[in-house]
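Asks: Input: one structure, supplied below.
The values are calculated or read from the model by the stated rules, or taken from the named source; none is laboratory data. From a predicted model like this one, the values you see are computed outputs, not experimental measurements. With ideal geometry, Cβ positions are generated from the backbone for all residues, glycine too; neighbour counts draw on all protein chains shown. Only protein heavy atoms, including side chains, enter the accessible area calculation; ligands, DNA and RNA are left aside. Shrake-Rupley method; radii C 1.70, N 1.55, O 1.52, S 1.80 Å.
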Amino acid sequence: MLTVKNIHQYYGGSHILRDLSFEARLGKVTVLLGRNGVGKTTLLKSLMGLVPIKSGSIEFDGQPIQKKTPYDRARAGMGFVPQGREIFARLTVEENLRMGLAYKSGSTPIPAELFELFPVLKQMIHRRGGDLSGGQQQQLAIARALAPKPKLLILDEPTEGIQPSIIKDIGRVIRMLADRGDMAIVLCEQYYDFAQELADDYLVMERGEVIARGLGKDMEADGVRQLVAI
Ligand SMILES: Nc1ncnc2c1ncn2[C@@H]1O[C@H](COP(=O)(O)OP(=O)(O)O)[C@@H](O)[C@H]1O
Ligand SMILES: [Mg+2]
């Protein structure tokens, strides 16, 4: 579903992503691990077109997309849940979900399924985003990304600062979405146990490079826990 080849990216003079390549398969969760500052968020923003890449290619759903705008990438079926959630604090839950549908036609309804995945959002539908707990905001951010029914869902550290019971719920939803088989998921994490539980494929980054990769089931044997230990 997603094929990234040899991408390089710079902030000013610093080389942030170095010759990075990977694939994300349909129906699978690809986990990207790495300590703070290794370039995970930069990579995800590059996939979405929020920062430009210097060289390399990104193919999504059979099409080269590295020259497309973030808007076009979203329209093509790429959904993004940014680090820190970026919920609109003054808008209601419903309005936040509508923002996820902004590039669809005005009459596109909010899919009812989102409220089955995250029942709390139904209870809170008229509350302001800023009044939700961190975990509820994370669920809202995921639901907002799912609203236009993406073929690829990219999540940047969804467990950051969130209570364990909600982390479990989010994990269940990610597994279920992948198992339906019509979506690829790229999950960036520092929380090893959560990542290991969900990973079909894994990648470990260090200083903008992939230093290890393999199947999720081999993570423990491959010593990934030690590679990302803080
Ligand atoms: N907007 C920016 N301008 C310059 N340097 C940045 C910017 N954003 C991040 N960096 C640097 O790029 C590197 C990778 O950051 P980031 O992609 O956020 O890592 P991670 O998500 O793995 O913690 C870090 O050294 C960080 O300081
Ligand atoms: Mg980050």
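Asks: Under a straight-distance cross-link criterion of Cα-Cα below 18 Å, which aspartates and glutamates are reachable from Lys149, leaving out those fewer than 8 residues away in the same chain?
Replies: Result set, ordered by chain and number: Asp61, Asp72, Glu94, Glu95, Glu113, Glu116, Asp179, Asp182.
Asks: Run through the stretch 169-225 and list the trypsin sites (Lys or Arg not before Pro) located in a DSSP loop whose Cβ has at most 16 other Cβ atoms within 10 Å.
Replies: Numbers: sites: Arg172, Arg175, Arg180, Arg207, Arg213, Lys217, Arg225; in loops: Arg180, Arg207.
Answer by residue number: Arg180, Arg207.
Asks: Could you give the size of the charge dipole of the stretch 99-230 about its Cα centre, using +1 on the Cβ of each K and R and -1 on the Cβ of each D and E, expressed in debye and rounded to the nearest 20?
Replies: Working: 15 positive and 19 negative charges, 140 e Å.
Approximately 680 debye in magnitude.
Asks: For Glu157, Glu113, Glu220, give the ranking by accessible area with the largest first, probe 1.4 Å.
Replies: Numbers: Glu157 10, Glu113 60, Glu220 90 Å².
Descending order: Glu220, Glu113, Glu157.
Asks: Arrange the residues Tyr103, Tyr192 by how much accessible surface each exposes, largest first, with a 1.4 angstrom probe. Write down the numbers at each step before the final one.
Replies: On the way: Tyr103 50, Tyr192 20 Å².
From most exposed to least exposed: Tyr103, Tyr192.
Asks: What does the highest-first list of 78-90, 125-137 look like by mean Cβ count within 10 Å?
Replies: Values: 78-90: 18.8, 125-137: 16.4.
Ranking the peptides 78-90, 125-137 by packing returns 78-90, 125-137.
Asks: Per DSSP helix of 4 or more residues, -39500 (n - 2.57); summed, then divided by the residues of the chain. What does that give at 222 nm, rounded to the nearest 500?
Replies: On the way: 9 runs with 74 residues, N = 230.
Taken over the chain, the calculation gives -8500 deg cm²/dmol.
Asks: Under a straight-distance cross-link criterion of Cα-Cα below 23 Å, which lysines are reachable from Lys54, leaving out those fewer than 8 residues away in the same chain?
Replies: Straight-distance partners of Lys54: Lys5, Lys40, Lys45, Lys67, Lys68.
Asks: If you roll a 1.4 Å probe over the heavy atoms of the protein chains, what accessible area per residue do you get for the stretch 74-184, in Å²?
Replies: Details: 5120 Å² over 111 residues.
About 46 Å² of surface per residue is accessible.
Asks: Sticking with this structure for a sec: Taking the Cα centre of each part, how many Å lie between the stretch 96-113 and the stretch 166-230?
Replies: The two parts, judged by their Cα centres, are 29 Å apart.
Asks: Only Cα pairs under 8 Å and at least 6 apart count here; give the relative contact order of the chain as a rounded whole percent.
Replies: On the way: 445 pairs, mean separation 69.1, N = 230.
Computed over the chain, the figure is 30 percent.
Asks: Summarise the accessible area of the chain (1.4 Å probe, protein heavy atoms) by the percent that is carbon and sulfur. All intermediate terms of the calculation are to be shown ahead of the outcome.
Replies: On the way: 5340 of 10880 Å².
Exposed carbon and sulfur together represent 49 percent of the surface.
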